[in-house]
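One structure is given below, encoded as structure tokens.
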Amino acid sequence: MNLGQLLQHGGPHPDTDGLTIEHARGYEVCGAVCFGGMRPRAYKRLAELSGARPGDKVLDVGCGTGYLTRRMAKAVGPDGSVLGVDPSIPVIEYARRKTQEPQCAYEAGVGEALDAPDASFDVVVTCLAVHHLPEEVRPVALREMLRVLRPGGRLLVADFRPPRTRPVRHLVAATTGHVMANYQVDLLEGLIADAGFEVRGRGDVRPWLRYVQAVRPEKGSGSQAR
Ligand SMILES: C[S@@+](CC[C@H](N)C(=O)[O-])C[C@H]1O[C@@H](n2cnc3c(N)ncnc32)[C@H](O)[C@@H]1O
């Protein structure tokens, strides 16, 4: 059994075919170790890249233990709000215990069927969660993110960029499994465009993240995209 399997749910989750994280504290330790001390800076950068502004209403899909959710809370300030959604009850409960920012809330839910009205958020972020979804579910989740964003609202998707060198890739496969080691992060931008977004930017955040920035067009798609 590898590290990824240890952290994931022991059996099928009743609400999703996605790979859910069951062991919140173990995930936090792995996150700290795998980012080699660069996690605070990397996630601060993601919050900047999201374009969230004071007063914005933000949704964090696949929020896990809330690491990005809390950084988004700083970006939106006391007049904004951030909702973190994840199917795993243990990570949601952990995130609630860890969070002091009153503008953060957490709910159990799945990215492929968001329990939120159309056009109800200014910004949607999601980090390291798309590769947890089965391939056929990824477009569904992205269309949901489009639906819940207001026209002109911003999307930031960040996900794992597998290492380019073969030995490090083998190490990733041995520790976290083949889904991460062979993840085709380059497909992300096309998936986001196909869901109806306008892609505005892309890049890497060291050590492991690729990000894509996009907006929901002012006209068209939205609720019809479901
Ligand atoms: C690697 S963790 C990332 C957590 C957090 N975003 C971060 O950057 O630390 C992936 C998360 O996606 C969640 N997940 C799995 N299936 C999901 C689904 N269908 N919808 C939303 N999140 C899902 C997992 O439970 C897990 O917490």
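The values are calculated or read from the model by the stated rules, or taken from the named source; none is laboratory data. It should be emphasised that the depicted structure is a prediction, and the values quoted were computed from it without experimental measurement. Quick reminder, even Gly has a Cβ in these numbers, built from the backbone with ideal geometry, and neighbours come from all protein chains shown. The area values use the complete protein model at the heavy-atom level, side chains included, leaving out ligands, DNA and RNA. Shrake-Rupley method; radii C 1.70, N 1.55, O 1.52, S 1.80 Å.
Tabulated results
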item: Unmet criterion (only one of (1) modelled with pLDDT under 95; (2) open to solvent by less than 30 Å² (accessible area, probe 1.4 Å); (3) not acidic (Asp, Glu)) for His178; result: (2)
item: The listed residue being of a type in the set (A, V, I, L, M, F, W, C) and either out of contact with any strand residue (DSSP E or B) (no Cβ under 6 Å at 6 or more places or on another chain) or open to solvent by 50 Å² or more (accessible area, probe 1.4 Å) (or both), out of Leu149, Leu156, Leu171, Leu188; result: Leu171
item: Residues of segment 30-73 classified as among the β-branched types (Val, Ile, Thr) and more than 10 Å from the ligand (Cβ to nearest atom), total; result: 2
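Yes/no per residue for (1) part of a strand (DSSP E or B); (2) over 30 Å from Asp79 (Cα atoms):
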| position | (1), (2) |
| --- | --- |
| Gln100 | no, no |
| Arg143 | no, no |
| Gly152 | yes, no |
| Leu171 | no, yes |
| Thr175 | no, yes |
| Tyr183 | no, yes |
| Leu188 | no, yes |
| Ala193 | no, yes |
| Arg200 | yes, no |
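Matching residues to (1) among the hydrophobic types (A, V, I, L, M, F, W, C); (2) without any contact (Cβ under 8 Å) to a residue 40 or more places away in the chain:
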{"position": "Cys127", "(1), (2)": "yes, no"}
{"position": "Arg138", "(1), (2)": "no, no"}
{"position": "Leu149", "(1), (2)": "yes, no"}
{"position": "His170", "(1), (2)": "no, yes"}
{"position": "Asn182", "(1), (2)": "no, yes"}
